[in-house]
Amino acid sequence: MDKNLIQRTLSGIVYVAIIVLCVTPLGAKLINSISPDLVKQQYLYYGLITFLMLVGTWECVKIMQFGDGYEKWVVLPLIAFIFYLFSKRYFNYGFFFDFRLGEILAIVLILIAVVTLFKFSSELYYDSGKLIFTVIYVALPFSFALGLPKFTSYDDTFSLEVLFLFILIWSSDTFAYLTGKFFGKHKMAPKISPKKTWEGYIGGVVLTLVLSYFIEQYHPDLRGNWMVVGFLVAAFAPLGDLVESQLKRNFGVKDSGNIIPGHGGVLDRLDSFLICVPVVYLYFILAKFI
């Protein structure tokens, strides 16, 4: 068997296992079965998101090749400050009891960063542009990720929104790849991602909607309508892949890193997640008022 395939398979299994243990109650149950009341699930999830954000920051700075100015030294403090503001709300359950207009502004900033990457990429060759893009592209999505699950401390419950979001993203990528491989003829963005086709995109949308239907039927306790979430994921997950592909293409980089052997870096694995999280979070907010 190909050694690269074995490496990809093993690292992929470890990656998925870590995600599942940190975004579901399984992680805390497993640890607490060894030493009772050692950890709560919300801390495992917070630790995962923090770790991914820090590695993603390092990868983005490396991709964009900052110069010797002050900008690369203030990236992490700025990202840490933004994440701290969201962290306070996370541990005080603030995501579930109020809504702030600043969240809409943050999502608009993500949209502006994406447009800049595709239409005004020359701005990203300045260290100031690199600084702003990195902070928006990395800090805001991971910060919004803290607002997706619901949890309580008195009965140690932790909801499964993030698990099913990952499942839908993985299924969207898989279904789009398989549909494109067998039926793809019309390229979606040949200069950015030559393997993506419109047939694959449509296949990803349709089959992800089928999966989201079953999630909605069997998990009515989740926030929002998961047929809507499934459509949003299938529609925006490919954009996340194109964003990261365009970023690497602009700076002549093949992979964002090698932290996951055979799969690349955190940004390579979470490119769709970074775009889907703000979109799904916005939907959850708007669903409160509908």
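To keep it simple, each residue is scored yes or no on (1) of a type in the set (S, T, N, Q); (2) closer than 23 Å to Trp58 by Cβ; (3) touching a Leu at 6+ places or on another chain (Cβ under 8 Å).
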site: Thr157; (1), (2), (3): yes, no, no
site: Asp173; (1), (2), (3): no, no, no
site: His186; (1), (2), (3): no, no, no
site: Val205; (1), (2), (3): no, no, no
site: Gln217; (1), (2), (3): yes, no, no
site: Val233; (1), (2), (3): no, no, yes
site: Phe251; (1), (2), (3): no, yes, no
site: His263; (1), (2), (3): no, yes, no
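In this structure, Glu216 does not satisfy being under 19 Å from Tyr283 (Cα atoms), among the acidic types (Asp, Glu) and under 17 Å from the mean Cα position of the chain (by Cα). If you check Ser121, Ser128, Ser143, which single one turns out to be out of contact with any strand residue (DSSP E or B) (no Cβ under 9 Å at 6 or more places or on another chain), modelled with pLDDT under 90 and small (Gly, Ala, Ser)? Only one candidate passes the filter, namely Ser121. Of all residues in the stretch 235-278, those satisfying the criterion of being open to solvent by less than 40 Å² (accessible area, probe 1.4 Å) and free of Cβ contacts under 8 Å to residues at least 60 places away in the same chain are Ala235, Gly240, Leu242, Glu244, Ser245, Gly264, Asp268, Asp271.
Among the residues of the stretch 209-227, some residue qualifies, meaning at least one is of a type in the set (D, E, K, R), touching a residue at least 12 places away in the same chain (Cβ under 8 Å) and in contact with an Asp or Glu (Cβ under 9 Å, 6 or more places away or on another chain).
If you scan the stretch 127-160, which residues turn out to be open to solvent by 30 Å² or more (accessible area, probe 1.4 Å) and either out of contact with any helix residue (DSSP H, G or I) (no Cβ under 9 Å at 6 or more places or on another chain) or closer than 29 Å to Thr24 by Cβ (or both)? Result: Lys150, Thr152, Ser153, Tyr154, Asp155, Asp156, Thr157, Leu160. Checking the stated criteria, Tyr70 turns out not to satisfy the condition of being open to solvent by 30 Å² or more (accessible area, probe 1.4 Å), under 21 Å from the mean Cα position of the chain (by Cα) and not charged (D, E, K, R). Set side by side, the residues Ile110, Ile104, Ile167 differ, and just one is out of contact with any Phe, Trp or Tyr (no Cβ under 9 Å at 6 or more places or on another chain) and more than 27 Å from Pro220 (Cβ to Cβ), which is Ile104.
Within the stretch 81-105, the set of residues being within 19 Å of the chain's Cα centre (by Cα), open to solvent by less than 50 Å² (accessible area, probe 1.4 Å) and either at pLDDT 85 or above or within 23 Å of Tyr43 (Cβ to Cβ) (or both) comprises Ile82, Phe83, Phe86, Ser87, Tyr90, Phe95. From the list Leu282, Leu286, the lone residue that is open to solvent by 30 Å² or more (accessible area, probe 1.4 Å) and under 18 Å from Val138 (Cα atoms) is Leu282.
In a residue-by-residue description of the stretch 50-63, the property of being over 30 Å from Val20 (Cβ atoms) and either touching a His at 6+ places or on another chain (Cβ under 8 Å) or touching a residue at least 40 places away in the same chain (Cβ under 8 Å) (or both) applies to no position.
Return yes or no: is Leu163 under 25 Å from Ile82 (Cα atoms), over 11 Å from the mean Cα position of the chain (by Cα) and among the aliphatic types (A, V, I, L, M)? So Leu163 passes the test. Across the stretch 171-192, the qualifying residues are those that are outside any helix (DSSP H, G or I) and in contact with a strand residue (DSSP E or B) (Cβ under 7 Å, 6 or more places away or on another chain), and the one among them that is modelled with the highest pLDDT is Lys187.
Residues in the stretch 30-41: is at least one touching a helix residue (DSSP H, G or I) at 6+ places or on another chain (Cβ under 8 Å) and open to solvent by less than 30 Å² (accessible area, probe 1.4 Å)? Checked against the condition, which is being touching a helix residue (DSSP H, G or I) at 6+ places or on another chain (Cβ under 8 Å) and open to solvent by less than 30 Å² (accessible area, probe 1.4 Å), the stretch 30-41 yields at least one hit.
For the residues Leu168, Leu222, the requirement of being within 29 Å of Phe284 (Cα to Cα), outside any helix (DSSP H, G or I) and within 21 Å of the chain's Cα centre (by Cα) singles out Leu222.
The values are calculated or read from the model by the stated rules, or taken from the named source; none is laboratory data. Small disclaimer: the values here were computed from a predicted structure and weren't measured. Using ideal geometry, Cβ is built from the backbone for each residue, glycine included, and neighbour counts are taken over all protein chains shown. Keep in mind that these areas ignore ligands, DNA and RNA; they rest on the heavy atoms of the full protein, side chains included. Shrake-Rupley method; radii C 1.70, N 1.55, O 1.52, S 1.80 Å.
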